[in-house]
Amino acid sequence: MTRVLVTGGAGFIGSHFVRTLPDAKITVLDKLTYAGNRANLEGVDHDFVHGDICDPGLLAEVVPGHDLVVNFAAESHVDRSIDGAADFVRTNVLGAQTLMQACLDAGVPRVVQVSTDEVYGTIETGSWDENAAVNPRSPYSAAKAGGDMIARAYAVTHGLNVSITRCGNNYGPYQYPEKVVPLFVTNLLEGRRVPLYGDGGNVRDWVHVDDHCRGIRLVAELGEPGEVYHIAGTAEMSNRELTGRLLDACGATWDSVDFVDDRKGHDRRYSLDDTRLRALGYAPRWTFEQGLADTVAWYRDNPTWWKPLRGWA
Ligand SMILES: NC(=O)c1ccc[n+]([C@@H]2O[C@H](COP(=O)([O-])OP(=O)(O)OC[C@H]3O[C@@H](n4cnc5c(N)ncnc54)[C@H](O)[C@@H]3O)[C@@H](O)[C@H]2O)c1
């Protein structure tokens with residue numbers, strides 16, 4: 001049976017990856033920051049290690065013996081990176097390097113570094129392919145780009161068999177309610193107001209977390225060392241359009257929306273070309289309509305998961 005180490009596996013996307021990994025013996029290593037939550041893995045068979053990917057001594061104990069290491073561990077919220085970037089650089093850059101070194105030392109045969117479309121900056125029209133230059137504009141995306149560069153350097157310099165995935169904005173169950181979809185849904189379900197940045201014209205490409213994880217599994221299986229693979233969304237839309245859909249799904253109106261000052265340095269648009277991954281056989285399974293309905297239903301049905309995180313329990 002394949003032995004898989006999932007770092008950051010108690011977070012939103014990592015826990016979905018763990019829940020949907022067939023026939024594997026799984027170790028989750030997670031620092032359990034505010035975003036990590038063992039409840040995300042309830043009922044899922046796994047070994048859990050509470051720890052930090054920046055800790056080389058711990059990694060030297062945990063990493064050996066795994067056939068695959070997938071790194072989800074990160075500080076992941078752009079707004080927090082604007083308030084303070086140090087933890088982002090530490091985990092997203094130094095943590096990635098410490099993990100790559102541990103994988104090299106342990107002779108791990110396959111590694112995937114999970115990353116984001118945000119490393120490319122912002123694009124008015126068209127889409128980035130994997131040869132586009134990184135041009136990050138927030139401390140979050142700059143730190144993620146640093147981790148990606150380190151992963152690629154370990155492939156080129158040391159021959160580590162690591163591929164890098166870059167995905168659009170994810171949504172789905174168990175997403176920490178600071179990100180726009182769960183923040184708005186949980187506010188609206190409680191009859192509260194929602195804050196929309198700037199003119200609401202920033203455009204994002206939405207990917208259901210399940211499609212993201214399916215793409216990562218395919219890259220783990222078929223990806224080339226040192227290469228980047230895009231996982232694009234199925235629904236490009238402005239934040240204003242997204243807000244309209246969330247209002248409809250929660251039975252609320254525009255009366256519940258506050259237009260607030262824009263995020264500093266707010267990237268206007270992200271867009272990925274995922275031809276390379278599709279050539280490996282990838283296709284998303286979720287339409288945005290179905291995914292959003294399913295996600296809103298999940299938050300409606302699981303207030304005991306999110307109310308304590310909002311301080312409303
Ligand atoms: N959420 C998105 O829309 C999105 C899109 C593309 C890529 N990504 C990337 O996917 C990955 C997972 O994102 P997410 O949304 O699940 O994030 P998340 O914030 O929900 O989860 C991150 C997890 O990493 C853990 N962690 C943080 N620092 C750690 C450390 N030093 N050592 C060990 N564990 C640590 C946290 O406890 C948490 O469980 C990140 O690398 C992120 O950059 C996210």
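Under the rule a/c < 1.5 gives rounded, and otherwise a/b versus b/c splits prolate from oblate, where does segment 146-194 land using the Cα gyration tensor? Prolate, because a/c is 1.5 or more and a/b exceeds b/c. For I82, the accessible surface of its heavy atoms amounts to roughly 60 Å² (probe 1.4 Å, protein chains only, rounded to the nearest 10).
Using a 1.4 Å probe on the protein chains only, how many percent of the accessible area of segment 29-147 belongs to carbon and sulfur? With neighbouring chains kept in place, the figure for segment 29-147 is 49 percent. The listed residues D258, D301 rank as D301, D258 when sorted by accessible area, largest first, using a 1.4 Å probe. In this structure the amide hydrogen of Y229, modeled in the peptide plane, comes within under 5 Å of the amide hydrogens of I164, T165, R166, none closer than 5 places in sequence on its chain. In this rough spin-label picture, where each label sits 7 Å from Cα along the Cβ direction, the M1-H50 distance is 2.5 nm. Counting lysine pairs in the chain whose alpha carbons fall under 21 angstrom apart, excluding pairs fewer than 8 residues apart on the same chain, gives 6. Hydrodynamic analysis of segment 198-313 uses the Kirkwood radius over alpha carbon pairs. Inserted into Stokes-Einstein at 37 °C and 0.692 mPa s, it gives a translational diffusion coefficient of 198 µm²/s. Full extension of the chain between A153 and T275 gives 41.5 nm of extra length, using 0.36 nm per residue less the Cα-Cα distance. The chain gives an Rg/Rh value of 0.95, both radii derived from C-alpha positions and Rh following Kirkwood. Spin-label model, E241/N131: points 7 Å from Cα along the beta carbon direction are separated by 2.9 nm.
If the chain linking A24 and E224 were pulled fully straight, counting 0.36 nm for each residue of separation and taking away their Cα-Cα distance, it would gain 69.8 nm. For segment 101-242, the solvent-accessible area works out to 34 Å² per residue, with a probe of 1.4 Å and every protein chain left in place.
For segment 1-145, the equivalent ellipsoid derived from the alpha-carbon gyration tensor has semi-axes of 26, 17, 16 Å in decreasing order.
Of the chymotrypsin sites (Phe, Trp or Tyr not before Pro) found in segment 1-108, the ones in coil according to DSSP and having at most 15 other Cβ atoms within 10 Å of their Cβ are Y34. Taking the accessible area of segment 167-295, probe 1.4 Å, and keeping the other protein chains in place, the carbon and sulfur fraction comes to 46%. Remark: the chain carries a charge dipole of roughly 220 debye about the Cα centre, counting +1 on each Lys and Arg Cβ and -1 on each Asp and Glu Cβ. Among G57, T27, G9, flag the residue with its Cα farthest along the positive direction of the charge dipole of segment 1-74, charges on Cβ as +1 for Lys/Arg and -1 for Asp/Glu. Working it through, the farthest residue towards the positive pole turns out to be G9.
The order of K264, K25 by accessible area, most exposed first and with a 1.4 Å probe, is K264, K25. Does segment 250-313 come out rounded, prolate or oblate, given a ≥ b ≥ c as the square roots of the eigenvalues of its C-alpha gyration tensor, rounded meaning a/c under 1.5 and, failing that, prolate meaning a/b above b/c? Oblate is the answer for segment 250-313, as a/c is 1.5 or above yet b/c matches or exceeds a/b.
Across the protein chains, with a 1.4 Å probe defining accessible surface, the residues D55, D30 rank D55, D30 from largest area downward. Contact order, relative form, for the chain: 18 percent (alpha carbon pairs under 8 Å, 6 or more residues apart, mean separation divided by residue count). With only Cα atoms counted, segment 1-53 has Rg and Dmax values of 9.9, 32 Å.
The values are calculated or read from the model by the stated rules, or taken from the named source; none is laboratory data. Just so it is clear, the structure is predicted and the values come from calculations on it, not from any experiment. So basically every Cβ, Gly included, is an ideal-geometry build from the backbone, and we count neighbours across all protein chains shown. Protein only, heavy atoms only, side chains kept; ligands, DNA and RNA dropped before computing areas. Shrake-Rupley method; radii C 1.70, N 1.55, O 1.52, S 1.80 Å.
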